[in-house]
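The values are calculated or read from the model by the stated rules, or taken from the named source; none is laboratory data. Bear in mind the structure is a predicted one, so any value in this text is a computation, not a measurement. FYI the Cβ positions are ideal-geometry reconstructions off the backbone, even for glycines, and counts take in every protein chain you see. For the accessible areas, the whole protein counts, side chains as well, though only heavy atoms, and no ligand, DNA or RNA atoms are used. Shrake-Rupley method; radii C 1.70, N 1.55, O 1.52, S 1.80 Å.
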Amino acid sequence: QYSHQGCASMAAPPITRTRTPAWVDSDTWYAFDGADGYINVRTGELSATDPTGLRPDGSRRRSAAVAGNWAVPFRSPPPRLPSCLARQPPEDANAEMLTPCVESWGSRTGPTFTAPHGVHLARDGHTEHVPEDFTSHLARAWAACTQGRAISWGSSAIDWCSAFRAPLQSASLLPVLARDPNYLAESEFDSNPWVVALAAIAPEARGLHVDVHGKRDAAGEADLDIGVGACRKMYGDTAADRVASMLAAALCASLPGWTVDPHPRLQGCWRTVPRRSLTQSSSGLGYAPVQLEIGYRLRRSLGRDRRLCERVAAVFAYSEAACVAACHGSDEQRGATTPWP
């Protein structure tokens with residue numbers, strides 16, 4: 001059994017049992033400051049014209065919001081994102097889609113954020129892995145706020161999966177399925193494009209790695225899980241426990257009303273199958289890795305509340321040095337506690 005760390009005050013909306021999927025009415029369209037077009041941060045989909053919420057055949061998408069600030073067609077000017085988050089459409093529609101997009105902001109001294117499950121992906125011997133809404137946006141937004149880096153699927157991959165609702169594959173004459181970077185065979189470690197992208201970052205810049213994932217809202221589970229299984233396997237129990245406890249305390253303070261679990265069931269580390277998660281791959285490259293599993297309600301709230309999103313980003317910026325010290329520092333540094341202000 002494990003316990004959740006609750007964040008008092010401003011109670012989050014309760015989990016209600018319903019047959020309505022969480023993604024219904026969840027499309028979240030923004031315009032950009034100083035740039036044309038719109039982005040649906042739920043999926044990463046771009047639109048050059050005002051979104052209507054309609055499919056090509058004229059039927060309405062269930063994901064399109066029908067009321068409130070996020071309703072489409074727009075009833076008032078939509079909220080705006082900074083132009084640095086404007087995602088450029090691919091110049092070549094047939095460009096290689098299996099290579100992730102690597103972006104950096106500002107000084108590039110902040111954490112590295114990844115969102116490998118932003119599109120449909122095939123998994124060996126399993127049903128396809130469906131996209132985890134809002135995760136690509138959160139990785140990019142947090143990287144922009146912290147002057148760090150984000151690795152996520154590019155516009156061409158998002159557009160392809162949006163059109164075909166099928167596991168991502170290359171646009172070549174002999175299609176190749178995209179490999180799930182969170183379910184890699186040991187033989188793929190050196191050649192997978194996501195691991196290659198992490199390895200391309202200079203060793204001195206390989207600090208905190210936050211791998212962003214989504215999970216279902218479930219009674220009895222926290223809204224946000226902090227997985228340090230890969231950290232534990234590479235750096236030991238003391239380092240992993242220190243990273244989990246520091247981040248949990250800081251995230252709790254920044255997410256009033258939501259719950260955080262530093263000891264969740266999913267730890268971001270495969271134990272019973274010969275596979276590697278992305279945080280297992282990054283720990284082998286010297287990063288201090290953490291896998292976040294975020295419930296749908298919290299993901300949607302972070303996608304729609306820029307201040308809340310920025311507060312969480314500040315946690316990662318402030319905690320990075322202490323997390324890295326816990327994994328790589330001296331014994332004295334490993335035992336240090338960094339309180340959240």
Quickly run through the range 6-46 and pick out the residues that are small (Gly, Ala, Ser), at pLDDT 85 or above, over 20 Å from Gly68 (Cβ atoms) and assigned to a loop (DSSP other than H, G, I, E, B).
Gly34, Gly44
Residues that are over 27 Å from Ser191 (Cβ atoms), hydrophobic (A, V, I, L, M, F, W, C) and part of a strand (DSSP E or B), drawn from the range 282-315
Ile294
Those residues of the range 110-129 which are surrounded by fewer than 20 Cβ atoms within 10 Å (Cβ to Cβ) and small (Gly, Ala, Ser), in sequence order
Ala122, Gly125
Of everything in the range 163-174, what is open to solvent by 70 Å² or more (accessible area, probe 1.4 Å) and in a loop (DSSP other than H, G, I, E, B)? Give them in sequence order.
Arg165, Leu173, Leu174
Top-ranked residue of the range 219-235 - restricted to ones that are of a type in the set (A, V, I, L, M) and over 19 Å from the mean Cα position of the chain (by Cα), ranked as surrounded by the fewest Cβ atoms within 10 Å (Cβ to Cβ):
Ala219
For the range 187-218, which positions are within 20 Å of the chain's Cα centre (by Cα), within 30 Å of Ser170 (Cα to Cα) and not in a helix (DSSP H, G or I)?
Asn192, Ile201, Arg206, His209, Val210, Asp211, Val212, His213, Gly214, Lys215, Arg216
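Could you tell me how many of the residues in the range 135-152 are open to solvent by less than 30 Å² (accessible area, probe 1.4 Å) and in contact with a strand residue (DSSP E or B) (Cβ under 7 Å, 6 or more places away or on another chain)?
Narrowing the range 135-152 to residues open to solvent by less than 30 Å² (accessible area, probe 1.4 Å): 135-144, 146, 148, 150-152.
Okay, now just the ones that are also in contact with a strand residue (DSSP E or B) (Cβ under 7 Å, 6 or more places away or on another chain), so 135-136, 138-140, 142-143, 148, 150-152.
Final tally of qualifying residues: 11.
Which fully enclosed strands (runs of 3 or more DSSP E) of the range 79-162 have 3 or more residues being touching a Phe, Trp or Tyr at 6+ places or on another chain (Cβ under 9 Å) and over 18 Å from Val176 (Cα atoms)?
Of the strands (runs of 3 or more DSSP E) lying wholly inside the range 79-162, those with at least 3 residues that are touching a Phe, Trp or Tyr at 6+ places or on another chain (Cβ under 9 Å) and over 18 Å from Val176 (Cα atoms) span 112-115, 149-152.
Give the number of residues within the range 285-301 that are touching a Gly at 6+ places or on another chain (Cβ under 6 Å) and farther than 18 Å from Thr20 by Cβ.
The initial filter retains those residues of the range 285-301 that are touching a Gly at 6+ places or on another chain (Cβ under 6 Å), namely 291, 294, 299.
Next, only the ones that are farther than 18 Å from Thr20 by Cβ stay: 291, 294.
Total meeting the criteria: 2.
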Of (1) crowded, with 22+ Cβ neighbours inside 10 Å; (2) among the hydroxyl-bearing types (Ser, Thr, Tyr); (3) in contact with an Asp or Glu (Cβ under 9 Å, 6 or more places away or on another chain), Tyr183 satisfies every one except (1)
Provide a single number: the residues in the range 196-221 that are touching a Pro at 6+ places or on another chain (Cβ under 7 Å) and of a type in the set (A, V, I, L, M).
3
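Here is a yes/no grid of residues against (1) touching a residue at least 24 places away in the same chain (Cβ under 8 Å); (2) more than 20 Å from Gly118 (Cβ to Cβ); (3) of a type outside the set (A, V, I, L, M, F, W, C):
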residue: Asp217; (1), (2), (3): yes, no, yes
residue: Val243; (1), (2), (3): yes, yes, no
residue: Pro264; (1), (2), (3): yes, yes, yes
residue: Val290; (1), (2), (3): yes, no, no
